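A.B. asks: This is the structure I have questions about; it appears just below.
The values are calculated or read from the model by the stated rules, or taken from the named source; none is laboratory data. Fair warning: this is a prediction, and the values are worked out from it, not measured in the lab. In this analysis, Cβ positions are derived from the backbone assuming ideal geometry, glycine residues included, and neighbour counts consider all displayed protein chains. SASA here: full protein model, heavy atoms, side chains in, ligands and nucleic acids out. Shrake-Rupley method; radii C 1.70, N 1.55, O 1.52, S 1.80 Å.
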Amino acid sequence: MIEPFLTLTHPWAYPVVEVVHLAGVAMLFGSLVVRALGLWGLAAALDAGRLARLTLGVAWAGFALVLPSGLAMFGTQPDELLHNRAFQVKLGLIALAALNAAAFHARGGTGRHDGVARWLGALSLGTWLGVIICGRWIAYA
């Protein structure tokens, strides 16, 4: 059994951490939606380079909120979460999202708007949507 390595004892601590986590998710996923719109030609009036830089910065800022807040929530009940199927799937989807992002950027990501880039953008949105769904499902699994 893994003992909790973090306790959030103040009555508002866990809800505040959850709000930070959700704000980070919104920033991360929202920026990916805007980026995908650009890849699919639905933001043609906007400069592609500037749009890519803006959305990438917002995505990283969102991730900077998601990571520590997610670790804080995990730290309160690691054993329970590690045995939770929805949490396990969520971690797998996060790993897939990371590999997808690496593939997207390894091929010149922001500078290429070809079919592969559009497909990787769609995969990114689907994967992160799955992460969000699993995150909500944790409480019910």
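A.B. asks: Assigning unit charges at the beta carbon (Lys, Arg +1; Asp, Glu -1) and nothing else, what dipole magnitude in debye, to the nearest 20, does the chain show about its Cα centre?
C.D. replies: Dipole about the Cα centre, nearest 20: 540 debye.
A.B. asks: How many nm separate the modelled label positions at Leu56 and Glu18, each set 7 Å beyond the Cα in the direction of the Cβ?
C.D. replies: Here the answer is 3.5 nm between the modelled labels.
A.B. asks: Ok, one more. Using a 1.4 Å probe and ignoring any ligands, DNA or RNA, find the accessible area of Asp114 and quote it in Å² to the nearest 10.
C.D. replies: Only protein atoms counted, so the area is about 50 Å².
A.B. asks: Select from Ala106, Ala86, Trp128 the residue farthest towards the positive end of the dipole of the range 79-141; place +1 on Cβ of Lys and Arg, -1 on Cβ of Asp and Glu, and compute about the Cα centre.
C.D. replies: Value: Ala106.
A.B. asks: Candidates (i) 14.2, 41; (ii) 14.8, 46; (iii) 16.8, 55; which is the computed Rg and Dmax of the Cα atoms in Å?
C.D. replies: Looking at Rg and Dmax of the Cα atoms in Å for this model, the match is (iii).
A.B. asks: Lys and Arg at +1, Asp and Glu at -1: add these up for the other residues within a Cβ distance under 15 Å of Tyr140 and post the number.
C.D. replies: Surrounding charge for Tyr140 is +2.
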